[in-house]
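K.L.:
This is the structure I want to talk about, given as structure tokens.
The values are calculated or read from the model by the stated rules, or taken from the named source; none is laboratory data. The structure presented is a predicted model; accordingly, all values stated were derived computationally and were not measured. Here Cβ is always computed from backbone atoms with ideal geometry, including for glycine, and neighbour counts include all displayed protein chains.
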Amino acid sequence: MEIQILNFIQQYLVNPVLTAVMIFFTTIVEHGEIWILTGIIMLITKKYRKTGLLILIALIVSFSCGELLIKNFVCRPRPFLENPDIQLLISPPHGYSFPSSHTVVSFASATVIFCFNKKLSVFAYIVAALVAFSRMYLYVHYPTDVLCGALLGVICALAVVCVYKLIMRKITMKKSPG
């Protein structure tokens, strides 16, 4: 069924304008660039310093869980290998398919932003969703790779934020007289 979804996208949605947009959104996360830059910019801005730091930590945690652990445990081949007749619109990526690392880090970053700034998170989640869809549009990930990648990113981000809040609570408790 997943190949059918990807084939549907290829047959009915692929066009030159959307292809350019999807390649753009995939490219800006190729090595986490947009999210690393977002984290650094927020880190050097006093108002968003905490958010920037937690984005960078969430990137490390989510990338490690998705790319280094789960991908190498599951070893799922990419969809274009299952359907060799497909003409890829980008260079074939290396490595395994499950989960989509582009999606994992995008949703991890957007979720950290959501935890501290709901307004900015709308934009971040739109970018994350476009990145996720681009991976299916470009035929390099199955829908479950993307869905599970989004879920993993959210879980990793929430874990990072929870640990941060626990640490801050302990620090605050030690400082307060009592």
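K.L.:
Could you please find all residues in region 21-45 being under 16 Å from SER121 (Cα atoms) and either of a type outside the set (A, V, I, L, M) or surrounded by fewer than 13 Cβ atoms within 10 Å (Cβ to Cβ) (or both)?
P.N.:
Those that are under 16 Å from SER121 (Cα atoms) and either of a type outside the set (A, V, I, L, M) or surrounded by fewer than 13 Cβ atoms within 10 Å (Cβ to Cβ) (or both): TRP35, LEU37, THR38, GLY39, ILE41.
K.L.:
Here are some residues: PHE133, PHE116, PHE107. Which one is of a type in the set (Phe, Trp, Tyr), within 30 Å of ARG49 (Cβ to Cβ), surrounded by 13 or more Cβ atoms within 10 Å (Cβ to Cβ) and in contact (Cβ under 8 Å) with a residue 60 or more places away in the chain?
P.N.:
Only one candidate qualifies: PHE116.
K.L.:
Could I ask something else about it? Residues that are touching a His at 6+ places or on another chain (Cβ under 9 Å), modelled with pLDDT of 95 or more and under 27 Å from PHE80 (Cβ atoms): does region 150-162 have at least one?
P.N.:
Within region 150-162, none of the residues are touching a His at 6+ places or on another chain (Cβ under 9 Å), modelled with pLDDT of 95 or more and under 27 Å from PHE80 (Cβ atoms).
K.L.:
Answer yes if at least one residue in region 142-164 is within 16 Å of the chain's Cα centre (by Cα), crowded, with 24+ Cβ neighbours inside 10 Å, touching a residue at least 12 places away in the same chain (Cβ under 8 Å) and not in a helix (DSSP H, G or I), and no otherwise.
P.N.:
yes
K.L.:
Examine region 111-126 for a residue that is β-branched (Val, Ile, Thr) and assigned to a loop (DSSP other than H, G, I, E, B), and state whether such a residue exists.
P.N.:
no
K.L.:
Within region 154-171, does at least one residue satisfy the condition of being more than 25 Å from LEU37 (Cα to Cα) and of a type outside the set (A, V, I, L, M, F, W, C)?
P.N.:
Taking every residue of region 154-171 in turn, at least one turns out to be more than 25 Å from LEU37 (Cα to Cα) and of a type outside the set (A, V, I, L, M, F, W, C).
K.L.:
Check THR45, THR38 and return the single one that is over 13 Å from ALA157 (Cα atoms) and without any contact (Cβ under 8 Å) to a residue 12 or more places away in the chain.
P.N.:
Going through THR45, THR38 in turn, the sole match is THR45.
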